[in-house]
Amino acid sequence: MRKIGVLVGSLSKRSYSQKVANYLSKIVPSSLTLVQLQYNILPFYNPDLEKQPPLEWQVFRTVVDQMAGLLIVTQEYNFSIPGGLKNALDVLSVPNPRPHIYQKPVLLLTDSAGERGGANANAHIQQSLRYMGMNVMNAFVTIGKVQEKFDANDQLIDPLLAKELQKTMADFQKFVNHSVTKKNNAPSD
C-alpha cells in the first residue's frame, strides 16, 4: 500500500476543499492510503534558517519524503495559491541535494464558489510544481460552484462530479504506480 500525502489549501476545517479531500479518502483505490499532512505550524520559509532548520520543517520534510506521492486539494485565494500552502511547498522545494518533492507524483484539484473552479490557482500551482521538479499528473480538475456539490451533512450530491473524481483517483493510482516503478528502475546518480 502506497501512502499519499494530502495537502488541503484551506486551514479551515469546514472548507469545501476539506470536504472534497474527505470524499476522496472514501473513494481512494485500495492500493493507496491518503494521509492528510498538517502544515499550519510551519514557520514561514526563510533561507537564513537552513543552517539549522526549525524542527517543524525537519519533521514535515521527513514525513513527505516517506510519501509515494502528493494530492493537493485547494481553493483559489485572490486568483492564486493560498499563502499557507505556498509556504509548505516552499519548505519542501529546497534542494538538499534535491528538493524533497523532486520527481514525486502529484495530483492537483482546485475548487471555488465561482463557475471556473479555481482555474487560475490550478494553472499557477501546476506551473510552480513543475518548476520545483515534481511529476505533475496531466489533469486539470476544477470544481466550480463547489458549495452546490455538498448537502447539509457534507455529503457529495453531484453524481457527475462523483464519477469524475472516481475516474481521476483511478488514473492517479496508475500514475503513482508508474512513477514509482519508473523511479525504482532508474539508474542511481
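The values are calculated or read from the model by the stated rules, or taken from the named source; none is laboratory data. Computed from a predicted structure; not experimentally measured. Using ideal geometry, Cβ is built from the backbone for each residue, glycine included, and neighbour counts are taken over all protein chains shown. Surface areas here come from the heavy atoms of the whole protein model, side chains and all, with no ligands, DNA or RNA. Shrake-Rupley method; radii C 1.70, N 1.55, O 1.52, S 1.80 Å.
Count neighbours as other Cβ atoms within 10 Å of each site's Cβ, and list the GluC sites (Glu not before Pro) in region 95-181 that are DSSP loop with at most 16 such neighbours. Those that pass, being in a loop and sparsely packed, are Glu115. Fully extending the segment from His178 to Phe79 would add 32.4 nm, taking 0.36 nm per residue of separation and subtracting the current Cα-Cα distance. Rolling a 1.4 Å probe over the protein heavy atoms gives the chain an accessible area of 54 Å² per residue. For region 1-158, the number of Lys pairs separated by eight or more positions or lying on different chains, with C-alpha atoms closer than 21 Å, is 12. Beta bridges from DSSP with both residues in the chain: antiparallel share about 10 percent, rounded to the nearest 5. Orientation-averaged projection of region 97-150 equals 4.0 nm² [convex hull of Cα atoms, one quarter of hull surface area]. With bins 10 Å wide beginning at 0, the percent of Cα pairs of the chain falling in each bin runs 9, 38, 37, 14, 2, 0.
Taken over the Cα atoms of region 31-130, the convex hull encloses 111 Å³ per residue. Dividing the summed -39500 (n - 2.57) terms of all DSSP H runs of n ≥ 4 by the residue count of the chain sets its mean residue ellipticity at 222 nm at -12500 deg cm²/dmol.
Note: region 58-116, Cα convex hull, 91 Å³ per residue. The packing ranking of peptides 151-163, 49-61, 78-90, highest mean first, is 78-90, 49-61, 151-163, where packing means the average number of other beta carbon atoms within 10 angstrom of each residue. Eigen-decomposition of the gyration tensor built on the alpha-carbon atoms of region 13-84 gives equivalent ellipsoid semi-axes of 26, 18, 9 angstrom, largest listed first. For region 79-189, the alpha carbon convex hull comes to 115 Å³ per residue, rounded to a whole number.
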